[in-house]
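Asks: If you scroll down you'll find the structure; I have some questions about it.
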Amino acid sequence: MTYVSEFEDIDLAGLTPSLAVPVEVATSEQAIAFERDYLEKRFGAYGLRWQLAFQSLSPSGKRWLDQLHIVVDGQRLCIYFDVTKAIEKQATNGLI
């Protein structure tokens, strides 16, 4: 008999800084679009199932993390995105 854990399908990506979703784009506009697309694929349409409560960008060691605090079906949740590469690309191009 094979048992399947009910937790096997839980997507932990982005729930902690160590599990931050990597964002590998060149501009802040592309990063915003990537994050929104990711959240819509994971949680459904913005405004229907989830809404953005607030957002913050902060350093974490050698990385930069974009924290999106969202409300999904009435529950607060923070999803972390690692935007280090996007920030490095912008700095290299003199955009920040």
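The values are calculated or read from the model by the stated rules, or taken from the named source; none is laboratory data. A quick note: this is a predicted structure, and the numbers were derived from the prediction, not measured. Cβ placement follows ideal geometry from the backbone for every residue including glycine, while neighbour counts extend to all protein chains displayed.
Asks: For Leu65, state whether it is out of contact with any Cys (no Cβ under 7 Å at 6 or more places or on another chain), surrounded by fewer than 15 Cβ atoms within 10 Å (Cβ to Cβ) and part of a strand (DSSP E or B).
Replies: For Leu65, the condition - out of contact with any Cys (no Cβ under 7 Å at 6 or more places or on another chain), surrounded by fewer than 15 Cβ atoms within 10 Å (Cβ to Cβ) and part of a strand (DSSP E or B) - is not met.
Asks: Could you grab me the full set of residues in region 20-32 that are under 21 Å from Val71 (Cβ atoms) and either part of a loop (DSSP other than H, G, I, E, B) or at pLDDT below 95 (or both)?
Replies: Ala20, Ile32, listed by residue number.
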